Amino acid sequence: MSGQGTSETAGMLDRRQAARTLLADRRDLLVVTGLGSPSYDVFDAGDHDGNFYLWGAMGGAAIVGLGLAQAQASRPVVVVTGDGEQIMGTGALMTVAMARPGNLTIVVLDNGHYGETGMQLSHSGLGVRLDRVARACGFENTTEISDEAGLQAYRPELAKTSGGPRFARVRIATGHVERALPPRDGAYLKNRFRGHLGFAVS
Amino acid sequence: MTASPPSAATGAGPDWPLAIYRTLREAHVTQASYVPDAGHARLIRSLHEDEGVRTTVLTTEEEGIALSAGAWLGGARAVLLMQSSGVGNCINMLSLTASCRIPLLTLVTMRGEWAEFNPWQIPMGRGTSAALAAMGVTILRLERPEEAGEVVAAAAALAFDGDQQVAVLISQRMLGRKKWVEGK
């Protein structure tokens, strides 16, 4: 760990492999994804009725996860989002930390760039360390993951329904990956997700 | 001047926030989020005192839209409390509840519309209805304290049964003038 999240110390992890590793053997895990590449990464790792993909609402992923985690306290919930999306909702890290959802983990796939819009540097790419921001916001369980072994070691954390909220900054590479597009119809995604939890469409 | 005078016997203030609280619980609301407003203080206190309600204090009102959406995904009903100045903060996040046709119930205390002291509150107060309407939110007005339970019950039904996004705008006239100078 260099301690500096600047662009010259960019991550090496393949983002698609990172999602696959984290979500392998997911069991009863519920997943909310932030708009853009994290939605594609999680879809590519295997579509699932327990996935809710955001295609907009930038800055909202962590808090959607919070509302879900509070409603489903017996299920582990993970939010998989990107650095730009989380930065737009920086205040949400305070809200999540103070709400203390034991069953919620926030994973930021951090390449330091806005990948959807032309790879401009984000605040993370300019030097802000999101794991430290999360800690300052009140997360007691924060980590930085830089390699495949770290991902595999972290995976059991996602299954926990107590001890959270957890925050993981996963340092991914900036390389291009093929698009993998999940369904975009929000009402469909909502009904599918609620159906997975046993709520009938009225 | 408050349209609903404080109870002389208890000094506890008007009863309409308690009518709203009871109505929310009858509508099976179990999550409540807020950016504080003096007009919501009593309701917030009642929600905090209820162990059956998860209360979440927000850093900005748009978080409450996302929180309500997450709660609904998980099978829970949420209410979002804010002041009219917060409506402007919510605009893009309302695309979440609109795109997914997720119920939203928000109770908005109005500023800038009745005996307003602070000119900075007036532009967003004037724009509140238009901003909500622009994003497809149904607006109900609560003008009279004795109608609080009925209006909130109707809003909750419209939201949770009708799959709509609904804002109840609570008239500043009901809230009483803000006291700016002690003893005045």
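Every read-out reported here was derived from the displayed coordinates using simple, explicitly stated rules and does not represent laboratory data. Only a predicted model underlies this, so the values are computations on that prediction, with no experimental measurement involved. Here the Cβ is made from the backbone with ideal geometry for all residues, glycine too, and neighbour counts use every protein chain on show.
Taken one residue at a time, the phi angles of segment A:162-172 give Karplus couplings (6.51, -1.76, 1.60, θ = phi - 60°) of 9, x, x, x, 10, 9, 10, 9, 9, 8, 9 Hz. Gly and Pro are set to x.
Around A:Val170, with a cut-off of 14 angstrom between Cβ atoms, what is the net charge of the other residues, counting Lys and Arg +1 and Asp and Glu -1?
Working: positive: A:Arg15, A:Arg16, A:Arg20, A:Arg129, A:Arg155, A:Arg166, A:Arg169, A:Arg171; negative: A:Asp14, A:Asp41, A:Asp83, A:Glu85, A:Asp110, A:Asp131, A:Glu144, A:Asp147, A:Glu148, A:Glu157.
Result for the neighbourhood of A:Val170: -2.
Considering helices alone, the calculated mean residue ellipticity of chain A at 222 nm is -10500 deg cm²/dmol, with DSSP H runs of length four and up weighted by -39500 (n - 2.57) and normalised per residue.
Could you tell me the relative contact order of segment A:14-195? Use alpha-carbon pairs under 8 Å, at least six residues apart, and round to a whole percent. List each step's numbers first, then the result.
Values: 361 pairs, mean separation 48.8, N = 182.
Here the relative contact order equals 27 percent.
When B:Met124, A:Met88 are sorted by how many other C-beta atoms sit within 10 angstrom of their C-beta, beginning with the fewest, the order is B:Met124, A:Met88. Across chain A, the longest run free of exposed loop sites, meaning GluC sites (Glu not before Pro) lying outside DSSP classes H, G, I, E and B with no more than 14 other Cβ atoms within 10 Å, spans A:1-139.
The mean number of Cβ atoms from other chains found within 10 Å of a Cβ in peptide A:45-56 is 2, as a whole number.
Test of understanding: given chain A, find the longest segment containing no trypsin sites (Lys or Arg not before Pro) that are in a DSSP loop and have at most 16 other Cβ atoms within 10 Å.
Working: sites that count: A:Arg27, A:Lys160, A:Arg179, A:Arg184.
Result, exposed sites excluded: A:28-159.
If you average the sequence gap of Cα pairs under 8 Å that are 6 or more apart and divide by the length of segment B:16-164, what percent do you get for the contact order?
26 percent
Peptide A:130-140 has a mean shielding of 0, counted as Cβ atoms of other protein chains within 10 Å of each residue's Cβ. Electrostatic tally near B:Thr97: other residues with Cβ closer than 12 Å to its Cβ, Lys and Arg +1, Asp and Glu -1, net 0. Note on B:93-105: average number of Cβ atoms from other chains within 10 Å of each residue's Cβ is 5. Can you list the GluC sites (Glu not before Pro) in segment B:48-111 that are in a DSSP coil and have 16 or fewer other beta carbons within 10 angstrom? Counting only loop positions with at most 16 other Cβ atoms within 10 Å, the GluC sites (Glu not before Pro) in segment B:48-111 are B:Glu51.
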